[in-house]
1. For a quick check: with amide H placed at 1.01 Å from N, whose amide H comes under 5 Å from A:Arg109's, ignoring anything fewer than 5 positions away on the same chain?
2. I need the calculated FRET efficiency for the pair A:Ser115 and B:Ala124, taking r as the beta carbon distance and R₀ as 56 Å, to the nearest 0.05.
3. How much space per residue, in cubic angstrom, does the convex hull of the C-alpha atoms of the stretch B:60-151 take up?
4. Under a 5 Å amide H to amide H cut-off, with H placed in plane at 1.01 Å, what residues pair with B:Thr174 once short-range neighbours are removed?
5. What nm distances, shortest first, do you get from the label point of B:Ala138 to those in the other copies when the point sits 7 angstrom along Cα to Cβ?
6. Within 11 Å, Cβ to Cβ, of B:Asp123, how many net charges do the neighbouring residues add up to if Lys/Arg are +1 and Asp/Glu are -1?
7. In chain A, which residue puts its Cβ closest to the axis that turns chain A onto chain B, and how many whole Å away is it?
8. Peptide B:59-70: average number of partner chain Cβ atoms within 10 Å per residue?
2 protein chains.
Amino acid sequence: MNSNRMTLPPEIKKFIDAFSELPGIGPRQATRLAFRLTHDRAQHIEQLAQALRELRAITLCEKCFFPYSSSAGHCPFCSDPSRDTGTFIVLEKETDLIAIERAGVFRGRYCIIGSLEKSGALDAEHEHRLATLQNTIATTAPDGKAREIIIAFSPTTTGDINASRVAQRLRSYTQTISRIGRGIPTGGEIEFADDETLAEALGRRSSS
Amino acid sequence: MNSNRMTLPPEIKKFIDAFSELPGIGPRQATRLAFRLTHDRAQHIEQLAQALRELRAITLCEKCFFPYSSSAGHCPFCSDPSRDTGTFIVLEKETDLIAIERAGVFRGRYCIIGSLEKSGALDAEHEHRLATLQNTIATTAPDGKAREIIIAFSPTTTGDINASRVAQRLRSYTQTISRIGRGIPTGGEIEFADDETLAEALGRRSSS
């Protein structure tokens, strides 16, 4: 909204500037949110600010990069002794991991490499996380080699290109490397898939 | 996202619960936002929390209900002596007011009565704000009667029904009562209109 910013109180301008930069929140939604919150009690605003500030206590796991509470002291996946240390799923983001956990059919480990760029190339952070996975496998997997690595990228052009790149990087660290089955419609997004489709896609994975 | 909440750190759960209740932010967007913010520096999170907390310094004007900074001490519209005290626009929300200000053709006063319910009836808050407008007119308009009140509700079924109700409440407080012209496509929303359409709609207003 190309609004006449002169009439807006500085506190509201500041809020709009700060929040409109967040993913999925543009200037229009930030503006509506600001006005809505001015109707709320100070106590509610304080609660929201507190919930936001508490996120500072979150740490990313050094092995799988899933966020966990510093007060808990460990990642719920990497620290779980009941999970198989010989199989890994490589995926883009936390919400994809949650969708796969929800399907309830995978009991191995994860590596979140971060959102893939449409431009195609793997960036320094992706490479760092893949190197971390290689190191984890070398030091913790039985015989220093994974039994299987499943690449679970959304079946889009970007996902396809990068699945090949990632497979190349990891091939010598595993007996088998596979890609999550195409039970998911091509062009779709992993996090929107229902549990059954996800479970089938895991079951029908093909070698990469 | 009907996620397996067991695996989420308590700080992230708390954030999702708090932010998914805000208008336009559902559980899915709150979840993405939470994960995204766990990648940000603590300093950035603190900035967002601070921008949020500063909204507590916002007060709603007792006359027109536009939010203003307590530090400024007055509403930018009601305190502006260059604005006509004999004409008023009654509208639903702050973003509608900003759109009208942006069009730059109205130099009177405002009354924001709050978002109208689809069910149709005016609630206690709407009635309170209309009573406040009646009182403002009686005490500050020349001769204790407005020259004109323009009702600027979006031309939807809800807007049409409530425009009649509001006109009924205000008829004895003004020489003329009008409705913003139908330059705006029926079914559309005031805040999305471009400046020219809005200016024309104000110019072609019809009596109510």
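1. Residues meeting the amide H criterion: A:Thr87, A:Phe88, A:Ile89.
2. On the way: r = 47 Å, r/R0 = 0.84.
Efficiency, from the Cβ-Cβ distance: 0.75.
3. Enclosed volume per residue, from the Cα hull, is 104 Å³.
4. B:Ala146
5. 8.4
6. Working: positive: B:Arg129; negative: B:Glu117, B:Glu125, B:Glu127.
The answer is -2.
7. Closest Cβ to the A-to-B rotation axis, residue and whole-Å distance: A:Ala49, 2.
8. On the way: counts 2, 2, 0, 0, 0, 0, 1, 5, 9, 6, 6, 2.
Counting Cβ atoms of other protein chains within 10 Å of each residue's Cβ and averaging gives 3.
The values are calculated or read from the model by the stated rules, or taken from the named source; none is laboratory data. Only a predicted model underlies this, so the values are computations on that prediction, with no experimental measurement involved. Every residue, glycine among them, receives a Cβ derived from its backbone with ideal geometry; neighbour counts consider all protein chains shown. Surface areas here come from the heavy atoms of the whole protein model, side chains and all, with no ligands, DNA or RNA. Shrake-Rupley method; radii C 1.70, N 1.55, O 1.52, S 1.80 Å.
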